[in-house]
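Quick notes on the structure that follows.
The values are calculated or read from the model by the stated rules, or taken from the named source; none is laboratory data. Note that the structure is predicted; figures quoted are calculated from it, not measured. Heads up, the Cβs are rebuilt from the backbone with ideal geometry, glycines too, and the neighbour counts pull from every protein chain shown. Note: accessible area is taken over every heavy atom of the protein model, side chains too, but ligands, DNA and RNA are not part of it. Shrake-Rupley method; radii C 1.70, N 1.55, O 1.52, S 1.80 Å.
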Amino acid sequence: MKSIRPLMNSISSNPLCVELRDVSLSYFSSGKHIHALEGLTLSVRQGEFVAIAGPSGCGKTTILKLVAGLLPPTKGQVLIDGHPVKGPQKNVGMAFQNPILLPWRSALENVLLPLEIVEPHRQLFRNNRRAYEEQAHDLLRTVGLDGFADKPPYELSGGMQQRVSLCRALIHQPEILVLDEPFAALDAFTREELWGVLQALWLKRRCTVLLVTHDLREAVFLANRVCVMSKRPGRLVYEAVVDLPRPRSLEDTFKPAFVDLVHRIYEYIGEVRV
Amino acid sequence: MSEETQKRLRSVIPPLVTILLFFIVWEAGCAIFKVDDFVLPKPSVAFQAYLQWQHAIWPNALQTLFTTLVGFGLAIVSGVALGALIGYSTLLYQALYPLLIGFNSVPKAALVPVFVIWFGIGTIPAILIAFLIAFFPIAVNVATGVATVEPEMRDVLRSLGASQFDLFRKIGFPRAMPYFFASLKVAVTLSFVGSVIAELGASNRGIGNMMVIASSRFEVPLVFAGLLVVAAMGIALYAVFALLERRMVGWAYRSSQ
């Protein structure tokens with residue numbers, strides 16, 4: 001098996017892609033001040049795959065919204081490629097636990113949706129529909145949905161819908177992919193199968209990925225680095241570099257190196273929960 | 001016979017049988033209890049009256065249809081517009097909803113004399129009543145459809161730089177379509193009721209007007225002939241919009257396929 005070293009080295013010398021500098025976020029909800037994040041600092045290099053794990057309600061999703069520019073921080077700075085984030089970021093692709101496909105569109109049309117919105121594709125879409133459809137077909141093929149392009153979402157299984165959702169997040173070739181527990185609602189077999197799909201997509205595209213997850217095995221399987229957050233208000237309390245060779249297979253998840261790492265992170269999570 | 005036509009037949013036969021049974025019971029009831037035609041004419045007598053007067057009935061019926069569709073068209077345009085607005089903006093929703101409910105609670109029949117004072121006897125009061133009665137259900141349904149868009153979906157599009165109008169065009173509007181068409185089926189028959197009510201008191205044309213004249217001349221079978229025509233047109237309009245609904249938002253009915 002190929003060593004991971006060259007890859008790791010190349011990533012660690014990449015320029016920074018996402019930076020959160022001393023970011024705090026609080027909001028009012030049902031008459032109470034809620035501190036979702038406090039003094040969070042996190043930097044992610046271009047092409048890095050970072051998983052964020054932590055107890056529920058620790059503001060993991062908030063981080064993703066900050067990066068996508070859907071929320072402004074109360075304090076601190078969010079930067080992408082060195083520029084402060086001031087509004088929605090169109091070079092970010094998003095996928096959530098719920099695939100939220102549009103039921104009136106076929107799988108292919110769902111994948112094409114971002115191209116109808118984001119510049120410059122928006123202008124080109126009408127005249128280049130064929131070429132764009134070809135891109136979408138390619139993407140669907142990569143995730144193993146060959147032949148399902150014209151199916152409406154309700155004829156697809158949960159796992160297939162989530163694959164379509166991943167394709168939709170990637171179709172406009174975003175620099176950054178943010179994933180909010182994308183596989184949490186799937187059964188164990190489908191989930192592990194999709195780990196492989198996501199890994200393959202990442203190895204092909206090499207975009208920067210921020211993955212929020214509850215599942216430590218998932219985090220270690222997919223990421224180059226696992227960040228553990230404290231309970232609310234969320235801060236980074238632990239970071240583990242995952243130094244395992246790629247591509248990782250499900251076999252690898254039973255090997256001592258993998259199991260040990262999961263175990264070590266698990267102990268930290270146990271500490272921050274109490 | 002193909003499977004498709006068999007299926008279609010199977011869906012047409014039960015309602016036809018019920019309607020036929022309804023007329024048989026009505027006819028038999030009148031005959032057994034010797035009900036005077038002046039009180040409740042048998043359907044056969046009403047049908048004879050229809051045949052005798054059909055040249056007078058149809059121009060009036062078409063007038064009513066026209067009135068209904070104009071009022072209904074206005075209701076669609078303004079109902080969708082207002083529904084979209086209050087569906088999007090919580091502030092507008094809170095500000096306008098009580099007023100809308102207030103307007104909707106006013107019996108439309110009570111507005112007929114007011115409209116007569118404003119616009120005189122004629123088609124306009126009937127159009128306005130048809131409009132008012134259909135407007136509310138359409139607006140409320142469109143608002144519900146627009147307001148129930150998943151927040152994650154909104155986030156996905158917003159992060160791509162979508163404008164409020166993009167959100168409406170790509171998700172809000174199609175999302176509201178099943179609600180919209182469901183409301184159309186109901187609203188179109190309500191609209192029909194509205195124009196007939198207005199014609200009863202405030203028009204010199206239309207099937208409502210014809211029924212008032214017939215009853216003042218004690219031609220009760222003709223009144224019933226008019227009622228039957230109104231009912232038939234109501235069913236026809238409902239069917240048209242139900243068909244349209246299937247065509248446009250079939251995706252919302254996947255479970256019943």
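Find the accessible area per residue for the protein assembly as shown; the probe is 1.4 Å, ligands and nucleic acids are left out, and the unit is Å².
That works out to 49 Å² per residue.
Given a 1.4 angstrom probe, I'd like the percentage of the accessible area of the range B:56-252 that is carbon and sulfur, rounded to a whole number.
Answer for the range B:56-252 is 74 percent, counting heavy atoms of protein chains only.
Normalising by the residue count of chain B, find the relative contact order in percent from Cα pairs under 8 Å and 6+ residues apart. Spell out each step's value before the answer.
Values: 300 pairs, mean separation 66.2, N = 257.
Relative contact order of chain B: 26 percent.
Using the Kyte-Doolittle scale, which helices in chain B average at least 1.6 and also have C-alpha atoms spread 18 Å or more along the helix axis, with helices defined as whole DSSP H runs?
Taking the DSSP H segments of chain B (at least 18 Å long, mean hydropathy at least 1.6), we get B:123-147, B:220-249.
Which net charge results when you count Lys and Arg as +1 and Asp and Glu as -1 among the other residues whose beta-carbon is under 14 Å from that of B:F47?
For residues surrounding B:F47, the net value is -1.
Could you list which residues have their amide H under 5 Å from that of A:L177, counting only those 5 or more apart in sequence or on another chain, with H placed in the peptide plane?
Sorted by chain and number, the residues that satisfy this are A:G93, A:T208, A:V209, A:L210.
Give the residue from A:G93, A:Q162, B:W251 lying farthest towards the positive end of the charge dipole for the protein assembly as shown; charges sit on Cβ (+1 for Lys and Arg, -1 for Asp and Glu) and the dipole is referred to the Cα centre.
A:G93
Specify, per residue and in Å³, the volume enclosed by the convex hull of the alpha carbon atoms belonging to the protein assembly as shown.
Considering the Cα atoms of the protein assembly as shown, their hull volume per residue is 230 Å³.
Provide the packing ranking of A:19-28, B:190-199, A:255-264, B:28-37, i.e. peptides ordered by the mean count of other C-beta atoms within 10 Å per residue, highest first.
Listed from highest to lowest mean packing, they are B:190-199, A:19-28, A:255-264, B:28-37.
Kirkwood hydrodynamic radius for the range B:46-172: how many Å is it when counted over pairs of different Cα atoms?
On the way: mean 1/r = 0.0578 Å⁻¹.
Roughly 17.3 Å, rounded to one decimal.
For B:V12 and B:A110 in the same chain, what is the full-extension length gain: residue separation times 0.36 nm, less their Cα-Cα distance, in nm? Write down the numbers at each step before the final one.
On the way: separation 98, 0.36 × 98 = 35.28 nm, distance 3.86 nm.
Here the segment from B:V12 to B:A110 would lengthen by 31.4 nm.
Using the charge dipole of the protein assembly as shown (Lys, Arg: +1 at Cβ; Asp, Glu: -1 at Cβ; taken about the Cα centre), state which of A:P72, A:I269, A:P153 has its Cα farthest towards the positive end.
The residue sitting most towards the positive pole is A:P72.
Once the other residues with Cβ under 11 Å from the Cβ of A:F148 are scored (Lys, Arg +1; Asp, Glu -1), what is the net sum?
Net charge around A:F148: 0.
When the Cα centres of the range A:57-110 and the range A:189-244 are compared, how far apart do they sit, in Å?
So the separation of the two Cα centres works out to 17 Å.
If I take every Cα pair under 8 Å that is 6 or more residues apart in the range A:183-274, average their sequence separation and divide by the length, what percent do I get for the relative contact order?
So the answer I get is 25 percent.
In nm, to one decimal, how far is the B:A242 label point from the B:T148 one, both placed 7 Å along Cα→Cβ?
2.1 nm
For the range A:92-106, just list the computed ³J(HN,Hα) in residue order, Karplus coefficients 6.51, -1.76 and 1.60, θ = phi - 60°, integers in Hz, with x standing in for Gly and Pro.
Once θ is set to phi - 60°, the couplings for the range A:92-106 become 10, x, 10, 9, 10, 4, 8, x, 5, 7, 7, x, 8, 10, 5 Hz.
Counting Lys and Arg as +1 and Asp and Glu as -1, each charge on the Cβ, what is the dipole of chain B about the Cα centre in debye, to the nearest 20?
Details: 17 positive and 12 negative charges, 74 e Å.
For this selection, approximately 360 debye.
Roughly how many debye, to the nearest 20, is the charge dipole of the protein assembly as shown about its Cα centre, given +1 on each Lys and Arg Cβ, -1 on each Asp and Glu Cβ, and no other charges?
520 debye
Can you tally the net charge around A:S43? Count Lys and Arg as +1, Asp and Glu as -1, for every other residue whose Cβ sits under 14 Å from the Cβ of A:S43. Write down the numbers at each step before the final one.
Values: positive: A:R21, A:R45, A:R225; negative: A:E19, A:D22, A:E48, A:D81, A:E239.
Local charge sum for A:S43: -2.
With point charges of +1 on the Cβ of Lys and Arg and -1 on the Cβ of Asp and Glu, referenced to the Cα centre of the protein assembly as shown, which listed residue (B:L200, A:F254, A:A223) lies farthest in the positive direction of the dipole?
A:A223
With +1 on the Cβ of every Lys and Arg and -1 on the Cβ of every Asp and Glu, and nothing else charged, how large is the dipole of chain A about its Cα centre, in debye rounded to the nearest 20?
Details: 33 positive and 29 negative charges, 108 e Å.
Dipole of chain A, to the nearest 20 debye: 520 debye.
Need one number: buried accessible surface between chains A and B, 1.4 Å probe, both sides summed, DNA, RNA and ligands left out, in Å² to 100. Intermediate results must be reported in sequence, preceding the final value.
Numbers: alone 13260 and 14850 Å², together 26130 Å².
Chains A and B together bury approximately 2000 Å².
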